[in-house]
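Student: Pasting a structure below so you can have a look.
Coordinate-derived values only; no laboratory data. What you are looking at is a predicted structure, and each value in this text was computed from that prediction instead of being measured. When we count neighbours, we look across all protein chains shown, and the Cβ atoms used for this are built from the backbone with ideal geometry, even at glycine.
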Amino acid sequence: MTDRVEVAGVDVSVDHFIGGERVASAVAFTDISPIDAEPVAEVARGGAAEADLAVSAARDAFPAWAALGPRGRAEHLHRLADLVDANVDRLAAVECVDMAMLLRSLRARVIARGARNFRSYADLAAAHEERVWSSGGTANRVIRMPSGPAVVITPWNAPFMLSTWKTAPALAAGCTVVLKPAEWSPLSCSLLADLVDEAGFPPGVFNVVQGIGEEVGAALTAHPDVRRISFTGSPETARHIGIAAARTIVPFTGELGGKGPLLVFADCDLEAAARTAAGQYDDAGQVCLAGTRLLVEERVAERFLELFHRLVDAHVLGDPRDDATTVTPLIHPDHLARVEGFVERARAAGDEIVRGGRRSDAGPLLYEPTLVVPCSNDAEIVQREVFGPVLTFQTFTDEEEAVALADSTAYGLSAVVFTGSAERAQRVGRAVRAGTVWVNAYLVRDLTAPFGGIGISGIGREGGDYALDFYSDLKTVQIADDTTA
Ligand code: NAD
């Protein structure tokens, strides 16, 4: 017996996907759409029992999946990638209602990135050559052994893309997976389970368990049969997961929050810098990699602000399905209240709210693009991640001050730099403390490059071989040169 709902004309299961079958729970949680703040679905709310069922299914499926080898697994992953491509419109329509990302972005690139994740990891794992060298009278060989069942826990922003980004290397490396999507946007991951089934994956290789983080998420991370935990979310939750991982002595990676600087040097293409800055309100600023602290060289600050305000004035707040919309609703009323709280505290502390700073009348969860000039660099609005359409504006006089300001928070996920100088691009790119630095670019990614954060922005690296190594136990086999046949 499965429970299904129709969302944006698409049939979606609200049950877990465990051992190749849909599994219901006795209790449910309510999933709302950010577009109208109305309920979309009552979703199965898993607990310790469902966590155990899913990890057991993943444990049982592991030996055969690991034994299939990278090329055998790649065939499954390619079939899945093809199915993602064939279902872009359905996935985009559901994720748009569930998470309120712009429908045109979902259709044009975000969902397709899921297919790219599966393809690129299938190919990378299959092309892997073991490292072999001679030393001390032995032949050394480094072997990647698949680790076992992996728990993957994802946040509510870009849920499909982020879930595939973590699941793809796990499956390619030979791990089996239990995915726990966020409770505010679980539906596109349920569709992913349907596609995995259609692609013919053996039962138990990929499982989805829905529910509340503190309930089923905590049960999954504490399970003794789990061999890897891959988490994307907030630093606060990462601390709980780190403690759970310490108890079972299981490696975990954390892709965590950001408070990225966007540095604008006077020698840059100011229009391009202002355009990128105004674009930080895309997805209502609910982007970990966003450059939310605008740091502008003093002598071009006035001109920059003119350009910036003109571009932000052109933003259209509204329904993510409308072509005219550029700024979308926040995910949930609780998140709106959180964002609002940051701005109200900033106002009360004497920070200047230069624009926005209030809800919009255009929809229940819309918040106006907001710019804050803080009283000091220690202000909460500068130092803590808001994860909403709220940017801060500060100036600097020279490169040294710019880098010092860029590095002045506990975060270190990403940074954006605009400069017309190739030397400065190299210098500042090397100096800034962040996992990713874009110079005269933003959000371009090579999937084989390492990705992750410094400080409270993360632990470990994803991307390319870094992720495949994480999901493997690396073993060195040393065979003496005089070993005879
Ligand atoms: P969150 O930490 O509240 O939740 C993330 C996931 O963890 C959810 O699935 C949640 O159910 C689960 N969870 C919560 N408590 C748990 C527990 N005790 N044990 C196990 N699981 C638990 O984060 P969020 O609000 O969903 O997402 C926003 C955060 O994610 C922001 O900080 C953002 O910057 C970050 N993020 C980072 C990246 C990156 O790549 N670095 C990407 C996207 C989002």
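Student: Would you kindly work out the equivalent ellipsoid of segment 34-91 from its C-alpha gyration tensor and give its semi-axes, the square roots of five times the eigenvalues, largest first in whole Å?
Tutor: Working: eigenvalues 182, 109, 6 Å².
In descending order, the three semi-axes are 30, 23, 6 Å.
Student: Further, regarding this structure: Taking R0 as 35 Å, what's the FRET efficiency between Cys375 and Arg104 from their Cβ-Cβ distance, rounded to 0.05? Walk me through the intermediate numbers first.
Tutor: On the way: r = 39 Å, r/R0 = 1.11.
The computed FRET efficiency comes out at 0.35.
Student: Please list the three semi-axes, largest first and in whole Å, of the ellipsoid equivalent to segment 260-439, using sqrt of 5 times the eigenvalues of its alpha carbon gyration tensor. Display every interim value, and only then the final one.
Tutor: Working: eigenvalues 138, 62, 44 Å².
Values for segment 260-439, descending: 26, 18, 15 Å.
Student: Which whole-number percent gives the relative contact order of the chain, counting Cα pairs below 8 Å spaced six or more residues apart?
Tutor: Working: 1124 pairs, mean separation 86.4, N = 485.
Relative contact order, the chain: 18 percent.
Student: For Cα pairs less than 8 Å apart in space and 6+ apart in sequence, what is the mean separation divided by the residue count of segment 278-368, i.e. the relative contact order in percent? Don't skip to the answer; put the middle values down first.
Tutor: Details: 88 pairs, mean separation 23.9, N = 91.
Dividing the mean separation by the residue count of segment 278-368 yields 26 percent.
Student: How do the peptides 274-287, 80-93 rank, highest first, by the average count of neighbouring beta carbon atoms within 10 Å per residue? Intermediate values should be presented prior to the final figure.
Tutor: On the way: 274-287: 22.4, 80-93: 20.1.
With the highest mean Cβ count within 10 Å placed first, the list reads 274-287, 80-93.
Student: Could you tell me how many degrees, from 0 to 90 and to the nearest 10, lie between the Cα long axis of helix 422-431 and the main elongation axis, the longest principal axis, of the Cα atoms of the chain?
Tutor: It works out to around 60 degrees.
Student: Using per-residue counts of other Cβ atoms within 10 Å, averaged over each peptide, order 178-184, 369-375, 204-210 from highest down. Walk me through the numbers before you get to the answer.
Tutor: Working: 178-184: 25.4, 369-375: 21.0, 204-210: 27.7.
Output ranking for 178-184, 369-375, 204-210: 204-210, 178-184, 369-375.
Student: What is the magnitude of the charge dipole of segment 260-439 about its Cα centre, with +1 placed on the Cβ of each Lys and Arg, -1 on the Cβ of each Asp and Glu, and no other charges, expressed in debye to the nearest 20?
Tutor: Working: 17 positive and 29 negative charges, 55 e Å.
Dipole of segment 260-439, to the nearest 20 debye: 260 debye.
Student: Take the Cα pairs of segment 284-386, get the Kirkwood Rh, then feed it into Stokes-Einstein at 4 °C and 1.567 mPa s and tell me D in µm²/s.
Tutor: Using the Kirkwood radius from Cα pairs, D works out to 88 µm²/s.
Student: Sticking with this structure for a sec: Which order results if Met161, Met99 are arranged by neighbouring Cβ count within 10 Å, fewest first? Working shown, then result.
Tutor: Working: Met161 21, Met99 28.
Arranged by neighbour count, lowest to highest, Met161, Met99 become Met161, Met99.
Student: What does the helix-only formula give at 222 nm for the chain: each DSSP H stretch with n ≥ 4 adding -39500 (n - 2.57), the total divided by the residues, and the result rounded to the nearest 500 deg cm²/dmol? Kindly include the intermediate steps, with their values, before the conclusion.
Tutor: Details: 15 runs with 180 residues, N = 485.
Mean residue ellipticity, 222 nm, calculated: -11500 deg cm²/dmol.
Student: Tell me which of Ala348, Thr325, Phe304 sits at the most positive position along the dipole axis of segment 302-357, charges placed on C-beta atoms (Lys, Arg +1; Asp, Glu -1).
Tutor: Among Ala348, Thr325, Phe304, the one farthest towards the positive end of the dipole of segment 302-357 is Ala348.
Student: Same structure again: Kindly put Tyr466, Tyr121 in sequence by how many other C-beta atoms sit within 10 Å of each C-beta, fewest to most. Each step should come with its number before you reach the end.
Tutor: Details: Tyr466 17, Tyr121 30.
Ordered by Cβ neighbours within 10 Å, fewest first: Tyr466, Tyr121.
Student: By counting other Cβ atoms within 10 Å of each Cβ, how are Val390, Val382, Val300 ranked from fewest to most?
Tutor: On the way: Val390 26, Val382 21, Val300 18.
Least to most surrounded, the residues fall as Val300, Val382, Val390.
Student: Could you give the alpha-carbon Rg of segment 386-430 over 2.2 N^0.38 Å, rounded to two decimals? Show your work: numbers first, answer last.
Tutor: Numbers: Rg = 11.9 Å, N = 45, 2.2 N^0.38 = 9.3 Å.
Rounded to two decimals, the normalised Rg is 1.27.
Student: Moving to a separate point now. Against the longest alpha carbon principal axis of the chain, how many degrees, from 0 to 90 and to the nearest 10, is the axis of helix 235-248 turned?
Tutor: Value to nearest ten degrees: 20.
Student: Quick one: angle between helix 69-86 and the longest Cα principal axis of the chain, in degrees between 0 and 90, rounded to 10, please.
Tutor: The angle comes out at about 50 degrees.
Student: Determine, for each peptide in 192-199, 152-159, 303-310, 44-51, the mean count of other beta carbons within 10 angstrom over its residues, then list the peptides with the highest first. Walk me through the numbers before you get to the answer.
Tutor: Values: 192-199: 19.9, 152-159: 24.5, 303-310: 16.9, 44-51: 21.9.
The densest-packed peptide leads the list: 152-159, 44-51, 192-199, 303-310.
Student: Strictly greater than 33 Å: what percent of every Cα pair in the chain meets that? Mind dumping the intermediate values first?
Tutor: Numbers: 46029 of 117370 pairs.
Cα-Cα pairs in the chain separated by more than 33 Å: 39 percent.
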